[in-house]
Amino acid sequence: MDWREMAACLGRDPDLFFPVGNSNSGATLMQITEAKAVCRRCPVVEQCLNWAVKAVSVDGIWGGTTEVERRAMRKRMVRRSQNNAANAARSLQRPSDGLDSAKHHVPQN
């Protein structure tokens, strides 16, 4: 069974999940809050959010998030991935024996 068939939003008015207007206006904020409340009760909210994050340009409320929130998530994921890659590259440049040459000076006779 596809995750969308188990979604809490199934059968709800789709307009609820696609707020129109200024995202800072009272009516739009109330609509976003109501849509997110449905998502909080959804058994497949994680699958929905994963789909929306991977799909990139998806309008509306998906997985309990707005487009702006998902965009911020993607940016954090990219930064985290870049940091992980940089850390991996640095670890490859370190001596493989784990010895710090400054601490393990061999005394001369």
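Using helices alone, what [θ] at 222 nm do you get for the chain, with -39,500 (n - 2.57) per DSSP H run of 4 or more residues, divided over all residues and rounded to the nearest 500? Mind dumping the intermediate values first?
Working: 3 runs with 53 residues, N = 109.
Per the formula, -16500 deg cm²/dmol.
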Please report V20, V45 as a ranked list, fewest other C-beta atoms within 10 angstrom at the top and most at the bottom. V20, V45
Least to most buried among T66, T28, by other C-beta atoms within 10 Å and fewest first, runs T28, T66
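Which order results if V38, V68 are arranged by neighbouring Cβ count within 10 Å, fewest first?
Details: V38 17, V68 9.
Starting with the residue having the fewest Cβ neighbours, the order is V68, V38.
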Which whole-Hz ³J(HN,Hα) couplings does segment 7-23 yield from phi under the Karplus relation 6.51 cos²θ - 1.76 cosθ + 1.60, θ = phi - 60°, glycine and proline marked x? 5, 5, 7, 4, x, 7, 5, x, 4, 4, 8, 10, x, 10, x, 5, 5
Which whole-percent values make up P(r) of segment 1-40 when all C-alpha to C-alpha distances are grouped in 5 Å steps starting at zero? 5, 25, 27, 19, 13, 7, 3, 1
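Can you give the longest stretch of the chain with no exposed loop site, where a site means trypsin sites (Lys or Arg not before Pro) in a DSSP loop (not H, G, I, E or B) with at most 14 other C-beta atoms within 10 Å? Before the final figure, lay out the partial values.
Working: sites that count: R12, R41, K103.
Result, exposed sites excluded: 42-102.
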Specify whether the C-alpha gyration tensor of the chain places it in the rounded, prolate or oblate class, a ≥ b ≥ c being the square roots of the eigenvalues: rounded for a/c under 1.5, otherwise prolate if a/b is larger than b/c and oblate if not. prolate
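We did not get these values from a lab; they are worked out from the coordinates using the rules stated. The structure presented is a predicted model; accordingly, all values stated were derived computationally and were not measured. We place every Cβ from the backbone using ideal geometry, glycine too, and count neighbours over all the protein chains shown.
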